[in-house]
Amino acid sequence: MARTWLSIRVELVSGHGADLWPRPGRVFAAARSHSFAEFATAIDVAFGRWDLAHLHLFTLSDGTRVSPLDWWHDEAPDATMDGHATKLSRLQAGEQFAYVFDMGDDWAHLCTVAEKRIDPLAELGEVPGHPVPYWGWGSLPDQYARRWDGDDGESPMPKRPARGLSDLPPILPWWGERRRG
């Protein structure tokens, strides 16, 4: 297959009131025929978001805004293009644009289209039906800044078990109160 797919680097710049450094990131393979809505879903999944019921918005280098219009209930920013209909073919090699997930917590990403296109078979070993990450780095923050299950932002962090992994069931040899092996 020819080098027809885009390679798009996505770095998480800030969110939930904090700037991130070093910035975690992922590199995506995406066909020019994929929509911005499909790309947004791939970004959200790759960055560990589980509550996907939030608005998102791409802002392209020329100022064009792209977002699924049906999510906005007729209140989308003026001149916003529909993310379901707008294809990644609008993007140019080397172009940089922004993606913001959750318009309240403002998880902002810098997206950069690689100068050269890629062959998905060579990079991924297959031709996926949607955009997918194929490289990445960094620690991903929780979308609500929770550090553990039940974190309310005020309670002290739970104490670590005194004996390593003794709180786990002995499914694996190094887990549990009585280690096997």
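The values are calculated or read from the model by the stated rules, or taken from the named source; none is laboratory data. All values reported here derive from a predicted model rather than from experimental measurement. No Cβ is skipped: glycine too gets one built from the backbone with ideal geometry, and neighbour counts run over all protein chains shown. The protein model used for the area step is the full one, side chains on, heavy atoms only, and it has no ligands, DNA or RNA in it. Shrake-Rupley method; radii C 1.70, N 1.55, O 1.52, S 1.80 Å.
For the range 57-73, which residues satisfy the criterion of being at negative phi, open to solvent by 10 Å² or more (accessible area, probe 1.4 Å) and not hydrophobic (A, V, I, L, M, F, W, C)? Matches in the range 57-73: Thr59, Ser61, Asp62, Thr64, Arg65, Asp70. One residue is enough: does the range 122-140 have a residue meeting the conditions among the aromatic types (Phe, Trp, Tyr) and under 20 Å from Phe58 (Cβ atoms)? No, every residue in the range 122-140 fails to be among the aromatic types (Phe, Trp, Tyr) and under 20 Å from Phe58 (Cβ atoms).
Pro158 passes every criterion in (1) modelled with pLDDT of 90 or more; (2) out of contact with any helix residue (DSSP H, G or I) (no Cβ under 7 Å at 6 or more places or on another chain); (3) open to solvent by 80 Å² or more (accessible area, probe 1.4 Å); (4) not aromatic (Phe, Trp, Tyr) apart from (3). Being under 29 Å from Val127 (Cβ atoms) and free of Cβ contacts under 8 Å to residues at least 60 places away in the same chain, is that true of even one residue in the range 7-14? Scanning the range 7-14, I find no residue that is under 29 Å from Val127 (Cβ atoms) and free of Cβ contacts under 8 Å to residues at least 60 places away in the same chain, so the answer is no. With respect to the conditions (1) of a type outside the set (Lys, Arg); (2) modelled with pLDDT under 95; (3) farther than 22 Å from Val127 by Cα, Thr4 lacks only one, and its number is (3). What are the pairs with Cβ atoms under 9 angstrom where one residue, in the range 120-137, is β-branched (Val, Ile, Thr) and the other, located anywhere, is assigned to a loop (DSSP other than H, G, I, E, B) and open to solvent by less than 50 Å² (accessible area, probe 1.4 Å)? Sequence gap at least six, or different chains. Filtered contacts from the range 120-137: Val127/Ala31.
When each of Pro77, Pro120 is tested for being closer than 20 Å to Val10 by Cα and not charged (D, E, K, R), the lone residue that passes is Pro120.
Ala79 meets the stated requirement of being of a type in the set (Gly, Ala, Ser) and either touching a strand residue (DSSP E or B) at 6+ places or on another chain (Cβ under 8 Å) or modelled with pLDDT of 95 or more (or both).
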